[in-house]
Structure formats: structure tokens, C-alpha cells
1. From Ile386, Ile303, Ile350, which residue is within 27 Å of Ala101 (Cα to Cα), among the β-branched types (Val, Ile, Thr) and touching a strand residue (DSSP E or B) at 6+ places or on another chain (Cβ under 8 Å)?
2. Looking at the range 246-270 only, could you name the residues that are in a loop (DSSP other than H, G, I, E, B) and either over 24 Å from Phe349 (Cα atoms) or without any contact (Cβ under 8 Å) to a residue 60 or more places away in the chain (or both)?
3. Under 8 Å by Cβ, and 6 or more places apart or on different chains, what pairs join a residue from the range 134-155 that is without any contact (Cβ under 8 Å) to a residue 24 or more places away in the chain with one that is crowded, with 16+ Cβ neighbours inside 10 Å?
4. For the range 271-305, how many residues meet the condition of being among the aromatic types (Phe, Trp, Tyr), away from ligand 2 (no atom under 14 Å from the Cβ) and either closer than 29 Å to Tyr12 by Cα or outside any helix (DSSP H, G or I) (or both)?
5. Right, Ser235: outside any helix (DSSP H, G or I), within 13 Å of ligand 2 (Cβ to nearest atom), at negative phi and among the hydroxyl-bearing types (Ser, Thr, Tyr) or not?
6. Does any residue in the range 205-228 that is in contact (Cβ under 8 Å) with a residue 60 or more places away in the chain and within 16 Å of ligand 1 (Cβ to nearest atom) come within less than 8 Å, Cβ to Cβ, of a residue that is basic (Lys, Arg) and outside any helix (DSSP H, G or I) six or more places away or on a different chain, and which pairs are these?
7. Go through the residues of the range 337-346 one by one and say whether even a single one is at pLDDT 95 or above and in contact with a strand residue (DSSP E or B) (Cβ under 9 Å, 6 or more places away or on another chain).
8. Looking at Val301, Val293, can you tell me which residue is more than 16 Å from ligand 1 (Cβ to nearest atom) and either hydrophobic (A, V, I, L, M, F, W, C) or touching a residue at least 12 places away in the same chain (Cβ under 8 Å) (or both)?
Amino acid sequence: MTKTILCIGAGYVGGPTMAMIASKCTDYRVTVVDINPQRIAAWNSEDLPIYEPGLDDLIRATRGKNLFFSTDVEGGIRDNDIIFVSVNTPTKTFGAGAGMAADLQYWEKTARQILENAQSSKIVIEKSTLPVKTALAMERILNSQANDISFDVLSNPEFLAEGSAIRDLENPDRVLIGSRETDRGRQARNTILEIYARWIPRERILTTNIWSSELSKLVANAFLAQRISSINTISALCEKTEADVAEVARAVGMDSRIGAKFLNASVGFGGSCFKKDILNLVYLCRFYGLEEVADYWERVVGINVYQQERFIMSMLTAMFNTLAGKRICLLGFAFKANTGDTRESPAIFIARRLAEEHAEVVISDPKALGNARLDLAKIDGAFHYIEDPYEAAKGCHALAVMTEWDLYRTLDYEKIYEKMDKPAFIFDGRNILDHKRCFEIGFNVYPIGKPPLTHFEV
Ligand code: NAD
Ligand code: UGA
């Protein structure tokens, strides 16, 4: 008999994760369902709803064979006994905990839907990122009816990063599966473990108690974001002292106890999860009366806002304290390279603040212009969207690098300089350009955490 798997939620996690499982476990039939019919239609088309390197090939190899996308959530629940749930868990925008706590309404709706439609026992797996102890609420909802059907809830958080999702799924640092420490819990855990063990070495599949698993996901994101905020605070100090943040990061990161990754100073971190998950952690700490712990983690988000504000102030002061009427080109709008995702992108903050200064903003990005238009639709301002960076830069007073797309490293900056208003400025929010070369061309160059290179007399 073919084994079957359902995933509820066809987003950045559900789609790629299930495509990888389908490709590695060809004897499983994998169905991904979503309440959003447009999203499902896109998954079933040639124009997938998300851009992710390698995803098109993976979908082409599996879709219609053992991977299916559908809007039939109820049928999916009836027909599958292994159910991954990867619905969105955004920050709450209303009521108690607004702006901090996770909004669990989509999550709870899914639990109730599973309960209403299940005709046999199920293993329900939390794939979404959730506050610790959510599994308890899930168990209580699922086991609220007296019948023969039982539910085992597992936690199996996802650690993929966008832009490298397929590589991360194929070769993860670890897979984490948390369960109840009961016979049933362990049995359910083994069922899931068998799936991953098809392609992931056993020593990289970690099993823990369910609360450790839920909490580890929040903590991993908090630690990653903390490293970025830490190096960003140092970038501010470097700008005052003529130290170079890249040199400092290299010297510090070569200590094997510290490690070299995630020490790139930038205009700030973005993405749908870092801020949301840290605030979720902060909310949990306050809930348990751990005010000092909450304050500590909240500063990681505070520093990220500070860094973005610092970037705007640096543009403003460098450009003679007025941006009004100036045309400024944002190179990149995605929150990082190799994705079209713009959720919480620092570029949104920068574009909004530039508009508040009455600058005219030209947005350029190879993959994210569609999302940029949606993000800025509600903001008053003069925004233009031009994919070709050479066209985008024409007539501008300044370029600001928002995303570390490789393509921006190799542009012909001489050609760009010729078509710009003078004096021309570059604000490199990702430190990816050859600053010395840009300076020699004629630009006034403002990197992050390095001395600026300007043609003005001090
Ligand atoms: P997403 O918004 O891209 O996708 C979530 C999908 O769930 C949406 O398509 C939505 O329509 C669907 N949905 C919501 N309620 C539903 C319901 N009741 N029934 C069926 N479908 C429903 O979100 P995402 O980026 O894939 O993130 C999902 C979860 O995974 C979040 O908890 C997030 O924190 C976590 N996560 C995300 C990433 C990432 O890189 N994006 C990485 C690791 C973990
Ligand atoms: C992050 C984590 O890396 C994943 O492990 C996790 O699964 C995911 O969040 C999630 O839970 O959603 P993601 O947000 O996709 O992944 O991308 P990252 O590579 O972590 O980058 C996040 C942000 O930090 C980006 O804006 C990036 O440009 C920025 N960043 C990253 C820096 O500014 N400096 C760095 O050194 C590294």
C-alpha cells in the first residue's frame, strides 16, 4: 500500500519541504493543501508562487507523479494519517499581546478542521514555528471528543533559509523531531524519522522532548538574529573609530568558538521570521515573569530598528541634510538575495523613510518588484519600479544597495556614474561593492561600518 502524507499550508515552507520529501520518498504520495486557491493554482502552473533556486526542477520532477497540490483540505484530512501543518503564524495585530505574541488563529482553525474531518487516528506534526507549549493546546483540541480516534502531536520545526531552501532541505545541519516521551509518542516519532532517514544521516536527526523542540526553533532564530545585531552595533562603533567592521568580523569569526557565519554587518535583518520569532520569545518570557530575559532579547529587535534608522540618517547627513526632490535608486528590495520575498525587508523601511523625506524612490530588483509594489501600495510617496539597474539609476542622485544580489557586484559602475546627477553617492547597505573602485570612478561611497570615501574636503 502506498504511504500518504498531507501538508496543510502551501507557502515558503510547505511547498519546498513537501517537494523534497516527495523526491526522496517516491513510494509516498504527498499532497499539499491550502485555503488560498490562487496559490494552489500557481503551484500547479509553470509560474510557481515563490522564487527559490532549484525549486522549479524539483517540482517538475515530482508534481503529478507523487506530489499533488489541492484546495481540498477536508478530503486531504480524511485520506491521510500523517499531517504536517505549515500554516502561517504571524505576530498578533490586535488584542492582548498585539505586536508581540504569535497569532494562532490559523493554527487553531487547522486543529479544529482536522478534528472535524478525521475518520481515523492521525499523527499531526507542527512544522510551523510556534510558541512553546502549543502542542498541549493542539492535543487538547484534538482529543476533545470521546471516540476511538486518537491524535499524536509532534514538533518538527523547519530550519531552511530562503534563497538556499532546496540545498538546506537536501543537506540540513540537523532535523529535529520532538515528541511525548510515551510509547505512542515514540512510535509516532519513529514514523516521521523513517521519512527523513531516507536521505539524512541518522546522526543528524535529533529527537527530543516536544517542548525542547518547540523552543529550540525560537532560540535558533533568536541566536542568529542576535549575531547580526551584535555585529551591527559594532559597525556603528567602527564608523566612529576608523576600524573596518569586515576586518573585525573576520578576526573575531576566526575564533572557532565564535565561528565566521552570520557576521555580515548590514542595513539590518529582514524576513518573515526573525522579528516575529524573537518577539514571540519575548512575549513568552514576560508571560512567565522573566522580565530581564525578555528585555535582553527585545534589544536584538531594537538594534535592528536602530541600524535601519542609522542608515537613513547617514544618507540624509551625507546628502547635505535634505533629500527632498532627490531621486534615489534602491538596488534590491528582497530581504536577502535569491528570493523574491520582501516580508520585513529593510528596503520597505528605507523606502518609507525616504518618501517621508520627500525623496523620489526608484526600486530595482530582479525578482521582487511584484511584492515591492504590494508593500508600497499603502505608503504615500513617489515610487518607480524599474528592473534594469542601468535604467533605474539614470538621473538619480544616489544608489542604496538593499539586497546582496550577485548581479550588483558586477555592474558597470562607470556607465552608471555617467548617467547620474552629480555629486553622486553610493550607500552600500550590504558591503558588497568594490568601494575603492567606485570612489575612483567619482562616487562618494558610504559603506556600513567602514570609513566613507568622499571627494569632499573634511
Ligand atoms: P506562508 O504565509 O508562505 O504560507 C502559509 C500558508 O498557509 C498560506 O499559503 C496560507 O494560505 C495557508 N493557510 C493558512 N491557514 C490555513 C488553513 N486553515 N488551511 C489551509 N491552509 C492555510 O508562510 P511560510 O513562510 O511558509 O511559513 C509557515 C510557517 O513556517 C511559519 O510558522 C513560519 O514561521 C515557519 N517557517 C518559515 C520559514 C521561511 O523561510 N519562510 C522557515 C522556517 C519556518
Ligand atoms: C532564517 C534562518 O536562517 C532559518 O534557519 C530559519 O528557518 C528561517 O529564518 C525561518 O525560521 O524563517 P531566512 O530569514 O530565510 O532564514 O534568511 P537568513 O539567511 O537567516 O537571513 C535573514 C536576514 O538576515 C536577511 O535579511 C539577511 O540579509 C540578514 N543577514 C544574514 C545579515 O544582515 N547578515 C548576516 O550575516 C546574515
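1. That would be Ile350, the only listed residue that is within 27 Å of Ala101 (Cα to Cα), among the β-branched types (Val, Ile, Thr) and touching a strand residue (DSSP E or B) at 6+ places or on another chain (Cβ under 8 Å).
2. Once the filter is applied, which keeps residues that are in a loop (DSSP other than H, G, I, E, B) and either over 24 Å from Phe349 (Cα atoms) or without any contact (Cβ under 8 Å) to a residue 60 or more places away in the chain (or both), the range 246-270 yields Met254, Asp255, Ser256, Arg257, Ile258, Gly259, Ala260, Lys261, Phe262, Leu263.
3. Within 8 Å, the pairs are Glu139/Phe151; Glu139/Val153; Asn143/Phe151.
4. Final tally of qualifying residues: 3.
5. no
6. Close Cβ pairs (under 8 Å, with a partner that is basic (Lys, Arg) and outside any helix (DSSP H, G or I)) amount to Glu214/Lys133.
7. Taking every residue of the range 337-346 in turn, none turns out to be at pLDDT 95 or above and in contact with a strand residue (DSSP E or B) (Cβ under 9 Å, 6 or more places away or on another chain).
8. The match here is Val293.
The values are calculated or read from the model by the stated rules, or taken from the named source; none is laboratory data. Bear in mind that the values here come from a model prediction, so they are computed numbers and not experimental data. Note: ideal-geometry Cβ built from the backbone for every residue, glycine included; neighbour counts use all protein chains shown.
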